[in-house]
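All of the numbers you see were taken from the coordinates with simple rules; none came from a lab. The model shown is predicted, which means the values in this text are computed figures rather than measured ones. Cβ: placed from backbone, ideal geometry, glycine included. Neighbour counts: every protein chain shown.
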Amino acid sequence: MNSECLPKHVAIIMDGNGRWAQKHSLQIAKGHQAGVETLRDIIRESSDLGINTLSLYAFSTENWRRSPMEVAALMSLLLRYFESEIDELDEKNVRIRILGDKQGLPDLQRAAVISAEERTRNNTGLNLCIALNYGGRQEIVRAARSLAEQVRDGRLKADEIDDDVFSRELYTAGLPDVDLLIRTSGEQRLSGFLLWQCAYAEFEFPATLWPDFTLDHYHEALELYQKRDRRFGGRKT
Ligand code: FPP
């Protein structure tokens, strides 16, 4: 792998925890627990490699439709993750950002993520974005509404709205667009993840289930990305 031209922003849809649990005749919560182990390794590696931004899809606005037991298991894993990892992440200079509607999270989880964001606010290493209660359309609608309010209040002119102005209203304001999106488990869907930010992203769909996704698989995806010929709609000269 060439450490010179790594993607600036890697986004990952961590899919396959349920199937992994089923395959091992375990309860679904064990699948998510195993998924957290993978997530820990991938975050550490991204930070060590010097990747600018890593975004992980942890909980979508649709995931509330899962059974109360599974939602509770995910929420409890989330809380435990922040409690156990925050010291190491802070030490590694990682800046945590939550993408999504934090107001819709249970009190304890909301407090934990807000405190993690505040504690790491001035860190300058890996930008670690965790999408929680996140929906891509909801993010775009929220941005449009905010711009409409600014125009209504005379703080902005409609013809001043361009890509940059719009991007600044998204949860990812100030971060680079996604260069590489990885979805594990063989599914080939975006499921609303970072719709705007993925406009020119390269996609990798490894068949591996998320709990089985190793650093070797991650390196392989990064190497494949480096072989891609990105033209952004232009033509190679
Ligand atoms: C998809 O697998 C995975 C999720 C919906 C949750 C991902 C969450 C974690 C890995 C842990 C929680 C996050 C943090 C930040 C601690 P699936 O259950 O949809 O798999 P399936 O398609 O095989 O059923």
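Please determine whether any residue of the stretch 154-165 is within 16 Å of the ligand (Cβ to nearest atom) and either in contact (Cβ under 8 Å) with a residue 24 or more places away in the chain or farther than 20 Å from PHE82 by Cα (or both). The answer is no, given that none of the residues of the stretch 154-165 is within 16 Å of the ligand (Cβ to nearest atom) and either in contact (Cβ under 8 Å) with a residue 24 or more places away in the chain or farther than 20 Å from PHE82 by Cα (or both).
Here the stretch 96-106 is the region considered, the condition is being under 21 Å from ARG168 (Cα atoms) and within 15 Å of the ligand (Cβ to nearest atom), and the residue that is surrounded by the fewest Cβ atoms within 10 Å (Cβ to Cβ) is LYS102. Within the stretch 53-86, the set of residues being under 16 Å from the mean Cα position of the chain (by Cα), farther than 17 Å from ALA112 by Cα and either assigned to a helix (DSSP H, G or I) or among the small types (Gly, Ala, Ser) (or both) comprises SER55, SER60, ASN63.
Restricting attention to the stretch 40-65 and to residues that are of a type in the set (Val, Ile, Thr) and closer than 20 Å to LEU132 by Cα, the residue that is farthest from the ligand (Cβ to nearest atom) turns out to be THR53. Every condition in (1) in a helix (DSSP H, G or I); (2) farther than 14 Å from ILE130 by Cβ; (3) near the ligand (Cβ under 9 Å from one of its atoms) holds for ASP15 except the one numbered (1). Considering the stretch 188-224, the residues that are of a type in the set (Asp, Glu) and touching a strand residue (DSSP E or B) at 6+ places or on another chain (Cβ under 8 Å) include one that is nearest to the ligand (Cβ to nearest atom), namely GLU204.
Every residue, every condition in (1) exposed (fewer than 15 other Cβ atoms within 10 Å of the Cβ); (2) outside any helix (DSSP H, G or I), yes or no:
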site: LEU181; (1), (2): no, yes
site: GLY186; (1), (2): yes, yes
site: LEU224; (1), (2): yes, no
site: PHE232; (1), (2): yes, yes
site: ARG235; (1), (2): yes, yes
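LEU78 meets the conditions (1) touching a residue at least 60 places away in the same chain (Cβ under 8 Å); (2) under 25 Å from ILE28 (Cβ atoms) in every case but one. The failed one is (1). Is it the case that some residue within the stretch 177-184 is in contact with a His (Cβ under 7 Å, 6 or more places away or on another chain) and closer than 24 Å to LYS102 by Cβ? Yes, the stretch 177-184 contains a residue that is in contact with a His (Cβ under 7 Å, 6 or more places away or on another chain) and closer than 24 Å to LYS102 by Cβ. Candidates in the stretch 66-83 are the residues that are near the ligand (Cβ under 10 Å from one of its atoms) and of a type in the set (Gly, Ala, Ser); of these, the one that is surrounded by the fewest Cβ atoms within 10 Å (Cβ to Cβ) is SER76. Only one of the numbered conditions (1) assigned to a helix (DSSP H, G or I); (2) under 21 Å from SER191 (Cα atoms) is not met by GLU37, and that is (2).
Considering the stretch 19-39, and only residues there that are closer than 23 Å to ASP101 by Cα and either away from the ligand (no atom under 12 Å from the Cβ) or not aliphatic (A, V, I, L, M) (or both), the residue that is nearest to the chain's Cα centre (by Cα) turns out to be GLY35.
The criterion of at least 3 residues that are crowded, with 16+ Cβ neighbours inside 10 Å is met by the following helices (runs of 4 or more DSSP H) wholly inside the stretch 107-172: 107-119, 136-152.
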